[in-house]
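Undergrad: Have a look at this one.
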Amino acid sequence: MKKAVYPGSFDPMTLGHLDVIKRASKMFDELIVSVLNNKEKSPLFSVEERVNIIKEATKDLPNVQVDSFSGLLINYAASRDIHVAVRGLRAVTDFEYELQLAQTNRQLSNEALDTVFLTTSLEYAYLSSSGVKEIAYFGGDVSPCVPDFVAKLIYEKYHRKA
Ligand code: PNS
(Lines give C-alpha, C1' and ligand atoms only; values in the text may rest on other atoms or scores of the structure.)
Protein backbone atom coordinates (compact mmCIF):
# COMPACT_ATOMS: atom_id res chain seq x y z
CA MET A 1 0.00 0.00 0.00
CA LYS A 2 1.65 3.23 -1.16
CA LYS A 3 0.76 6.10 1.15
CA ALA A 4 1.79 9.74 1.03
CA VAL A 5 1.12 12.90 2.97
CA TYR A 6 0.64 16.30 1.35
CA PRO A 7 1.33 18.73 4.20
CA GLY A 8 0.74 22.46 4.09
CA SER A 9 -0.91 25.52 5.56
CA PHE A 10 -3.68 25.59 2.93
CA ASP A 11 -4.97 28.98 4.12
CA PRO A 12 -6.89 28.62 1.88
CA MET A 13 -6.51 25.73 -0.51
CA THR A 14 -6.06 27.09 -4.07
CA LEU A 15 -6.67 25.48 -7.45
CA GLY A 16 -2.90 24.94 -7.55
CA HIS A 17 -3.09 22.83 -4.39
CA LEU A 18 -6.09 20.96 -5.78
CA ASP A 19 -4.18 20.21 -8.98
CA VAL A 20 -1.33 18.70 -6.94
CA ILE A 21 -3.84 16.70 -4.85
CA LYS A 22 -5.55 15.26 -7.94
CA ARG A 23 -2.29 14.30 -9.61
CA ALA A 24 -0.73 12.84 -6.45
CA SER A 25 -3.90 10.86 -5.72
CA LYS A 26 -3.27 8.95 -8.95
CA MET A 27 0.26 8.06 -7.88
CA PHE A 28 -0.48 6.69 -4.43
CA ASP A 29 -3.05 4.25 -3.04
CA GLU A 30 -3.81 6.68 -0.24
CA LEU A 31 -3.07 10.39 -0.05
CA ILE A 32 -3.50 12.23 3.23
CA VAL A 33 -3.73 15.99 2.87
CA SER A 34 -2.76 17.34 6.26
CA VAL A 35 -3.17 20.91 7.45
CA LEU A 36 -0.50 22.28 9.76
CA ASN A 37 -1.98 23.49 13.03
CA ASN A 38 0.41 26.35 13.67
CA LYS A 39 -0.85 28.24 16.69
CA GLU A 40 1.62 31.10 16.29
CA LYS A 41 0.22 32.34 12.97
CA SER A 42 -3.03 34.25 12.63
CA PRO A 43 -4.73 32.49 9.74
CA LEU A 44 -7.77 33.63 7.75
CA PHE A 45 -9.41 30.22 8.17
CA SER A 46 -9.27 28.04 11.28
CA VAL A 47 -7.72 24.60 10.93
CA GLU A 48 -11.20 23.07 11.09
CA GLU A 49 -12.44 25.36 8.30
CA ARG A 50 -9.40 24.57 6.16
CA VAL A 51 -9.90 20.84 6.68
CA ASN A 52 -13.59 21.16 5.73
CA ILE A 53 -12.74 23.15 2.58
CA ILE A 54 -10.31 20.46 1.42
CA LYS A 55 -12.80 17.69 2.30
CA GLU A 56 -15.49 19.38 0.21
CA ALA A 57 -13.12 19.96 -2.74
CA THR A 58 -11.88 16.35 -2.70
CA LYS A 59 -15.14 14.55 -1.95
CA ASP A 60 -15.02 12.82 -5.35
CA LEU A 61 -11.49 11.48 -4.77
CA PRO A 62 -12.03 8.29 -2.75
CA ASN A 63 -8.38 7.69 -1.85
CA VAL A 64 -7.85 11.20 -0.45
CA GLN A 65 -8.20 11.75 3.30
CA VAL A 66 -7.95 15.10 5.04
CA ASP A 67 -6.40 15.57 8.45
CA SER A 68 -4.45 18.10 10.51
CA PHE A 69 -1.22 17.88 12.46
CA SER A 70 0.86 19.89 14.88
CA GLY A 71 4.54 19.63 15.67
CA LEU A 72 7.07 18.05 13.37
CA LEU A 73 5.94 16.53 10.11
CA ILE A 74 8.31 13.58 10.57
CA ASN A 75 6.55 12.61 13.82
CA TYR A 76 3.12 12.91 12.27
CA ALA A 77 4.23 10.85 9.25
CA ALA A 78 5.74 8.16 11.49
CA SER A 79 2.53 7.99 13.56
CA ARG A 80 0.60 7.19 10.38
CA ASP A 81 3.29 4.93 8.91
CA ILE A 82 3.87 7.29 5.97
CA HIS A 83 7.27 7.53 4.29
CA VAL A 84 6.61 9.96 1.44
CA ALA A 85 5.68 13.65 1.55
CA VAL A 86 4.36 15.39 -1.55
CA ARG A 87 5.02 19.07 -2.24
CA GLY A 88 4.31 21.28 -5.22
CA LEU A 89 7.03 23.34 -6.89
CA ARG A 90 5.85 26.44 -8.71
CA ALA A 91 9.06 28.21 -9.65
CA VAL A 92 12.73 28.35 -8.87
CA THR A 93 11.91 30.73 -6.01
CA ASP A 94 10.26 27.83 -4.17
CA PHE A 95 13.24 25.60 -4.66
CA GLU A 96 15.61 26.75 -1.92
CA TYR A 97 12.98 26.56 0.82
CA GLU A 98 11.61 23.25 -0.43
CA LEU A 99 15.07 21.72 -0.73
CA GLN A 100 15.88 22.72 2.85
CA LEU A 101 12.56 21.36 4.12
CA ALA A 102 12.98 18.06 2.28
CA GLN A 103 16.58 17.61 3.38
CA THR A 104 15.77 18.52 6.99
CA ASN A 105 12.94 16.01 7.05
CA ARG A 106 15.07 13.30 5.52
CA GLN A 107 17.89 13.95 7.98
CA LEU A 108 15.67 14.31 11.06
CA SER A 109 13.76 11.14 10.25
CA ASN A 110 16.89 9.03 9.66
CA GLU A 111 15.83 8.76 6.02
CA ALA A 112 12.36 7.51 6.94
CA LEU A 113 10.60 10.42 5.24
CA ASP A 114 11.40 11.35 1.66
CA THR A 115 9.84 14.12 -0.40
CA VAL A 116 8.42 13.88 -3.90
CA PHE A 117 7.90 17.11 -5.85
CA LEU A 118 5.25 17.76 -8.44
CA THR A 119 5.77 20.75 -10.69
CA THR A 120 2.64 22.87 -10.62
CA SER A 121 0.60 22.98 -13.82
CA LEU A 122 1.51 26.13 -15.74
CA GLU A 123 -1.94 27.72 -15.43
CA TYR A 124 -1.57 27.67 -11.64
CA ALA A 125 2.12 28.52 -11.38
CA TYR A 126 1.42 32.10 -10.26
CA LEU A 127 -1.00 31.15 -7.48
CA SER A 128 -0.31 31.43 -3.78
CA SER A 129 -2.62 31.45 -0.75
CA SER A 130 -1.22 34.79 0.38
CA GLY A 131 -1.76 36.29 -3.10
CA VAL A 132 -5.36 35.05 -3.10
CA LYS A 133 -5.98 36.66 0.30
CA GLU A 134 -4.49 39.96 -0.84
CA ILE A 135 -6.59 40.00 -4.04
CA ALA A 136 -9.75 39.35 -2.01
CA TYR A 137 -8.81 41.89 0.66
CA PHE A 138 -8.55 44.62 -1.97
CA GLY A 139 -11.78 43.57 -3.66
CA GLY A 140 -10.27 41.73 -6.64
CA ASP A 141 -11.65 38.62 -8.33
CA VAL A 142 -10.33 35.38 -6.85
CA SER A 143 -12.57 33.11 -8.93
CA PRO A 144 -9.70 32.02 -11.24
CA CYS A 145 -7.65 31.02 -8.17
CA VAL A 146 -9.91 28.89 -5.95
CA PRO A 147 -13.04 26.74 -6.29
CA ASP A 148 -16.22 28.88 -6.38
CA PHE A 149 -17.41 27.83 -2.91
CA VAL A 150 -14.02 28.85 -1.48
CA ALA A 151 -14.19 32.26 -3.19
CA LYS A 152 -17.54 32.84 -1.42
CA LEU A 153 -16.07 31.84 1.95
CA ILE A 154 -13.10 34.18 1.47
CA TYR A 155 -15.33 37.15 0.64
CA GLU A 156 -17.53 36.39 3.66
CA LYS A 157 -14.45 36.56 5.87
CA TYR A 158 -13.38 39.94 4.53
CA HIS A 159 -16.87 41.40 4.68
CA ARG A 160 -17.03 40.47 8.34
CA LYS A 161 -13.57 41.87 8.92
CA ALA A 162 -14.01 45.09 6.92
O1 PNS B 1 2.00 25.45 2.93
P2 PNS B 1 3.30 25.73 3.63
O3 PNS B 1 3.11 26.77 4.71
O4 PNS B 1 4.42 26.06 2.69
O5 PNS B 1 3.69 24.33 4.37
C6 PNS B 1 4.84 24.24 5.17
C7 PNS B 1 4.84 22.92 5.98
C8 PNS B 1 3.54 22.78 6.74
C9 PNS B 1 5.00 21.74 5.05
C10 PNS B 1 6.04 22.96 6.96
O11 PNS B 1 6.07 24.21 7.59
C12 PNS B 1 6.00 21.89 8.03
O13 PNS B 1 6.06 20.71 7.73
N14 PNS B 1 5.87 22.32 9.29
C15 PNS B 1 5.78 21.42 10.45
C16 PNS B 1 7.04 21.54 11.30
C17 PNS B 1 8.17 20.75 10.66
O18 PNS B 1 8.13 19.54 10.60
N19 PNS B 1 9.19 21.46 10.15
C20 PNS B 1 10.27 20.81 9.42
C21 PNS B 1 11.59 21.12 9.99
S22 PNS B 1 12.11 22.71 9.39
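Undergrad: Sorted by accessible area (1.4 Å probe), largest first, how do Met27, Met1 line up?
TA: Met1, Met27
Undergrad: Rounded to the nearest 20 debye, what is the charge dipole size of the chain about its Cα centre when +1 sits on each Lys and Arg Cβ and -1 on each Asp and Glu Cβ?
TA: Charge dipole, the chain, about its Cα centre: 200 debye, nearest 20.
Undergrad: May I pose another question? If exposed means no more than 13 neighbouring beta carbons inside 10 Å and the site is in a DSSP loop, what's the longest run of the chain without any exposed chymotrypsin sites (Phe, Trp or Tyr not before Pro)?
TA: Within the chain, the longest run free of exposed chymotrypsin sites (Phe, Trp or Tyr not before Pro) spans 1-125.
Undergrad: For the pairs Lys133/Lys157; Lys26/Lys133; Lys22/Lys59; Lys22/Lys157; Lys2/Lys22; Lys41/Lys157, flag any whose C-alpha to C-alpha distance is greater than 20 Å.
TA: The answer is Lys26/Lys133; Lys22/Lys157.
Undergrad: Per residue, how much accessible area does the chain show when a 1.4 Å probe rolls over the protein heavy atoms, in square angstrom?
TA: Value for the chain: 57 Å² per residue.
Undergrad: Name the shape class, rounded, prolate or oblate, that the alpha-carbon gyration tensor gives for region 89-162, where a ≥ b ≥ c are the square roots of its eigenvalues, rounded holds for a/c under 1.5, and otherwise prolate holds if a/b is larger than b/c and oblate otherwise.
TA: Prolate.
Undergrad: Could you pull out the longest piece of the chain with no exposed loop GluC sites (Glu not before Pro) in it, calling a site exposed if DSSP puts it outside H, G, I, E, B and it has at most 15 other Cβ atoms within 10 Å?
TA: Maximal segment without exposed cleavage sites: 41-110.
Undergrad: Using a 1.4 Å probe over the heavy atoms of the protein chains, calculate the carbon and sulfur portion of the accessible area of the chain as a whole percent.
TA: Exposed carbon and sulfur together represent 52 percent of the surface.
Undergrad: Send over the per residue convex hull volume for the chain, Cα only, as a whole number of Å³.
TA: Taking the convex hull of the Cα positions in the chain, it is 112 Å³ per residue.
Undergrad: Which one, Ala77, Leu127, Leu36, is farthest towards the positive end of the dipole of the chain when Lys and Arg carry +1 and Asp and Glu -1 on their Cβ?
TA: Leu36
The values are calculated or read from the model by the stated rules, or taken from the named source; none is laboratory data. Model, not experiment: these values are computed from the prediction. Ideal geometry is used to build each Cβ from the backbone, glycine not excepted, and the neighbour counts take in all protein chains shown. Accessible surface is based on the protein model in full, side chains and every heavy atom, while ligands, DNA and RNA are left aside. Shrake-Rupley method; radii C 1.70, N 1.55, O 1.52, S 1.80 Å.
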